[in-house]
Amino acid sequence: MIFLPKIYPSILAANFITLGTEIDKVLKNADGIHLDIMDGVFVPNISFGFPIIESIRKYTDAYLDAHLMIVEPDRYLEKFAMYVNSITVHYETVIHLHRTVTWIKKLGCDAGVSLNPHTPIFMLEEILPFLDKVLIMSVNPGFTGQQFIESTFEKVKKLRQLANKINPKLDIMVDGGVNKDNIGKLASAGATTFIIGASIFHKEDPYVEIKELKEAAKSID
Ligand code: DX5
Ligand code: ZN
């Protein structure tokens, strides 16, 4: 089977003054747009909220992938579902995860759970059959441009093994410090979607970068 890696650029690394142009630059080659929502409580940073998300939705029909780095995400699920195609909550922020995931699906969105670097894969065993995606953080969430944590490769492998048994269609996403040097190894470990900020938006030609990143993901080592 041909492997078609997906890339969702994270606009956290984009220039917000010219956001429309930034989105145009990446959408020709990207598979969706990743929206990092930060509340300054769960993570030590604040990003952007509904006025920007609504503007993006009006601007493009692209797949919008929301990554909620906020406490009590249940409070905002309905509002996010008005604008985005997918909602990922952090394992560390939710008490009744099955209820939250079921609700996201009911609202018509794909449902994902994200794990901080210290949270083990085995915590997902029971919820995995209900998920469309798992987002493995390869940095501590909060900022763009951080150093990739090497133990992520093993974590992705473990998740792929578990998913093969109980949810083979699971989309395994990796977020943070992904670049041309690690994307091939992540793909061979079993990752299928790559969230990339700095290594796309901080480069001269984001269009070419995405193309090259996809090529690198296919050259599995
Ligand atoms: C970090 C965010 C990431 C981040 C990725 O908390 O979840 O999406 O913006 O950016 P890079 O690729 O720059 O590490
Ligand atoms: Zn993210």
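Throughout, read-outs are computed from the coordinates displayed, never taken from laboratory work. As the structure is a computational prediction, the values presented were derived from the model and not from experiment. Cβ atoms come from the backbone with ideal geometry, glycine included; neighbour counts cover every protein chain shown.
Summary table
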quantity: Single unsatisfied condition, VAL84 versus (1) surrounded by fewer than 20 Cβ atoms within 10 Å (Cβ to Cβ); (2) away from ligand 2 (no atom under 12 Å from the Cβ); (3) within 20 Å of GLY197 (Cα to Cα); calculated: (1)
quantity: Hits in the stretch 66-83 (condition: assigned to a helix (DSSP H, G or I) and of a type outside the set (A, V, I, L, M)); calculated: PRO73, ASP74, ARG75, TYR76, GLU78, LYS79, PHE80
quantity: In the stretch 169-183, residue farthest from PHE148 (Cα to Cα) [restricted to those that are within 14 Å of ligand 2 (Cβ to nearest atom) and in contact with a Leu (Cβ under 8 Å, 6 or more places away or on another chain)]; calculated: MET173
quantity: Cβ pairs under 8 Å, 6+ apart, first in the stretch 1-22 and acidic (Asp, Glu), second within 16 Å of ligand 2 (Cβ to nearest atom); calculated: GLU22/ILE11; GLU22/ALA14; GLU22/PHE201
quantity: Total residues in the stretch 121-173, condition at positive phi and either touching a Gly at 6+ places or on another chain (Cβ under 9 Å) or of a type in the set (A, V, I, L, M, F, W, C) (or both); calculated: 1
quantity: Qualifying positions in the stretch 1-12 - surrounded by fewer than 20 Cβ atoms within 10 Å (Cβ to Cβ) and either within 14 Å of ligand 1 (Cβ to nearest atom) or β-branched (Val, Ile, Thr) (or both); calculated: ILE2
quantity: The stretch 171-198, subset more than 8 Å from ligand 1 (Cβ to nearest atom) and part of a loop (DSSP other than H, G, I, E, B), residue surrounded by the most Cβ atoms within 10 Å (Cβ to Cβ); calculated: ALA191
quantity: Strands (runs of 3 or more DSSP E) within the stretch 86-165 that include 1 or more residues charged (D, E, K, R); calculated: 110-115, 133-137
